[in-house]
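The values are calculated or read from the model by the stated rules, or taken from the named source; none is laboratory data. What you are looking at is a predicted structure, and each value in this text was computed from that prediction instead of being measured. With ideal geometry, Cβ positions are generated from the backbone for all residues, glycine too; neighbour counts draw on all protein chains shown.
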Amino acid sequence: MNKLKTIYASAVAAALSIVTTTAVTIGGELSLPFKNLLKSFTGHHWITKSWLSIIVFAVVFVAVRILSKKENAARTRHAVAMLVWLTVAASLVLAGFYIFEYTSR
């Protein structure tokens, strides 16, 4: 059962990391002061977003792994399926955002 807990924690952590990265990416594109804040941490906003993504994943993974009860196969499958759909949705949101930004200028 530990494998299911690890897979479940990974799926939840990856999902939150994707949401965070998507939000920070759009926020950085819409707000120059926010992009400059990101840049101030590591010298480039991309590097800061990468570190933020890693930190969010690690913290959420450890928290979910420790705090979650025994996971069953159905709940784990559901978490992985939601991760897949969230990945597709975030990709479409980012693509749509950049297409809109490009065509509206």
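Any idea which of 52, 86, 30, 92 is out of contact with any His (no Cβ under 6 Å at 6 or more places or on another chain), of a type outside the set (Asp, Glu) and farther than 30 Å from residue 7 by Cα? On inspection, the qualifying residue turns out to be 30. Taking the criterion of being more than 14 Å from residue 16 (Cα to Cα) and hydroxyl-bearing (Ser, Thr, Tyr), the residues of segment 32-81 that qualify are 40, 42, 48, 68, 76. In the set 73, 63, only one residue is within 17 Å of residue 5 (Cβ to Cβ) and modelled with pLDDT under 95; that residue is 73.
Residue by residue, here is whether (1) at negative phi; (2) in contact (Cβ under 8 Å) with a residue 60 or more places away in the chain; (3) surrounded by 16 or more Cβ atoms within 10 Å (Cβ to Cβ); (4) out of contact with any strand residue (DSSP E or B) (no Cβ under 9 Å at 6 or more places or on another chain) holds:
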{"position": "50", "(1), (2), (3), (4)": "yes, no, no, yes"}
{"position": "60", "(1), (2), (3), (4)": "yes, no, yes, yes"}
{"position": "70", "(1), (2), (3), (4)": "yes, yes, no, yes"}
{"position": "76", "(1), (2), (3), (4)": "yes, yes, yes, yes"}
{"position": "84", "(1), (2), (3), (4)": "yes, no, no, yes"}
{"position": "87", "(1), (2), (3), (4)": "yes, yes, no, yes"}
{"position": "91", "(1), (2), (3), (4)": "yes, no, no, yes"}
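Pairs linking a residue in segment 13-30 that is under 11 Å from residue 57 (Cα atoms) to a residue that is surrounded by 19 or more Cβ atoms within 10 Å (Cβ to Cβ) and among the β-branched types (Val, Ile, Thr), with Cβ atoms under 7 Å and 6 or more positions apart or on different chains, are 13/60; 13/64; 16/56; 16/60; 17/56; 20/56.
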